[in-house]
Amino acid sequence: MSQLFNPLTLRGVTLRNRLAVSPMCQYEAEDGFVTSYHLVHYGKLALGGFGLVMVEATAVSPEARITHGDVGLWNDTQVEGLAGIASFLKRHGAAPGIQIAHAGPKAAMQRPYYGDGPLTAEDHARGDHPWPIVSASAQPVEKGWLVPAALDADGIAKVRADFAAAARRALAAGFEVIELHCAHGYLLNSFLSPLTNRRSDAYGGSPENRMRLPLEIARDLRAIWPQDKPLFVRISAVDGSRAGVTIEDSVAFARELAGIGVDVVDCSSGGIGRPYEHPTGYGHQVPYAERVKAETGLGAMAVGLIVDPRQAEAIVASGQADLVAIGREALRDPNFAFHAEQALGAANPETPFANWPPQIGWWLNGRENKLRQLGPVSPAGQVAA
Ligand SMILES: Cc1cc2nc3c(=O)[nH]c(=O)nc-3n(C[C@H](O)[C@H](O)[C@H](O)COP(=O)(O)O)c2cc1C
């Protein structure tokens, strides 16, 4: 029996399977507002059978955006559009999740397909202008990037308040899972990593101090997010450079998260320190999820170059992770989850489309009988004369 298609209950939320859509910015928002693009994009992933659909990194303030195209939840008027998405996802069997984020030193960047670096004159001409950015320390991502201001006490208090307000809005929008983004070199990662945190106050120096702000925010979210709804945290389990955060540091961080009542650690990596000094093959981050799960007892989500249903099944069946997040492969095939169900033999062989939306599945089950009678299609595909 497939373990990937064994439902998972986290607090009061049951996921129909262990396949999640990894949070992926679409850079299509307008002033932080979602558009019909987002409803179609996330909607098709729910219609494609995923157990959890995580809406992309959603900025907690305008200055927290990576790009001008980021989704935001800094304003009550931004709730309605996201509520439409959450309700659609739920209606079609996917738990609606949302990642909330602050880009920190990687704010005010180019949309990746325009270059993935600091904004240039060409971006300015497109209307994308930079804004003042913040980080743990006044250290740019690289030479030539914007220099962030180190957050002071008031700035830290504002960031905490912004995350709390965004979480309340996510709840009002009807999301069931919330994920705190502590990965990929963004603000909270900049506090966690010794490569970017050069502070000498209570938020810098020792591992305890570097963890302080992410843990304060995780605690704030746990107090806001209802007890029957799960809280996820995405981490960069290791920095790109081996001189940065190690898996042992991340296990220690995850232990603290467990104490706060976090349910799942979503184990990514990198974003700080180049070149990336770890292996990058299929499922290269799975061992991080495995370590976090084994050493903390927390739920773990594996992500990164998981592209094949059998690979995803093996990760869950072997107990390396509780959930598998699919990123780019879900962009290539929004029906990945339903295709995986069939590929793994988890669908009823007589009615392989039974779990698809009935508007689609009923027709495809009917056609399946016909296709079986006909056998494989010939290259010409026509009935012989
Ligand atoms: C278009 C795109 C946008 C992304 N945006 C986010 C994001 O908003 N938040 C995040 O934590 N990771 C983001 N990521 C990283 C993915 O969630 C995922 O971790 C990564 O793509 C590796 O998984 P994959 O090999 O299945 O694609 C993004 C990746 C892509 C391709």
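The numbers here are math on the coordinates, done by the rules we state, and not lab data. Only a predicted model underlies this, so the values are computations on that prediction, with no experimental measurement involved. In this analysis, Cβ positions are derived from the backbone assuming ideal geometry, glycine residues included, and neighbour counts consider all displayed protein chains.
A few remarks follow.
- Each of Arg219, Arg111 has some number of other Cβ atoms within 10 Å of its Cβ, and from fewest to most they run Arg219, Arg111.
- Residue-wise HN-Hα couplings along the range 313-325, as the Karplus relation 6.51 cos²θ - 1.76 cosθ + 1.60 with θ = phi - 60° gives them from phi, are 4, 5, 5, 6, 5, 7, x, 5, 8, 8, 9, 10, 9 Hz; Gly and Pro carry x.
- By the helix-only formula, in which each DSSP H run with n ≥ 4 contributes -39500 (n - 2.57) and the sum is divided by residues, the chain has a 222 nm mean residue ellipticity of -11000 deg cm²/dmol.
- For GluC sites (Glu not before Pro), the sites in the range 219-286 that DSSP calls loop and that have at most 15 other Cβ atoms within 10 Å are Glu277.
- Cβ-based charge dipole, the chain, positive-most Cα from Val307, Val265, Phe253: Val307
- Cα-Cα P(r), the range 160-262, percent of pairs per 5 Å interval: 2, 13, 24, 24, 17, 11, 6, 2, 0
- The ellipsoid equivalent to the alpha-carbon distribution of the range 157-199 has semi-axes of 25, 12, 5 angstrom, derived from the gyration tensor eigenvalues as √(5λ) and listed largest first.
- Separation of the range 156-200 from the range 24-99 is 17 Å, based on Cα centroids.
- With a Cα cut-off of under 27 Å and a minimum spacing of 8 residues unless on different chains, the lysine pairs in the chain number 8.
- The range 316-330 and the range 229-272 have their alpha-carbon centroids 17 Å apart.
- Ranked by the mean number of other Cβ atoms within 10 Å per residue, highest first, peptides 152-160, 314-322, 228-236 order as 228-236, 314-322, 152-160.
- Dividing the radius of gyration of the alpha carbons in the chain by their Kirkwood radius gives 1.00 for Rg/Rh.
- Projection of the Cα convex hull of the range 275-351, averaged over all directions and equal to a quarter of that hull's surface, yields 6.1 nm².
- Cβ-placed point charges (K, R +1; D, E -1), dipole of the chain about Cα centre in debye, nearest 20: 540 debye
- Distribution of pairwise C-alpha distances over the range 200-250, 10 Å bins, in %: 21, 43, 29, 7
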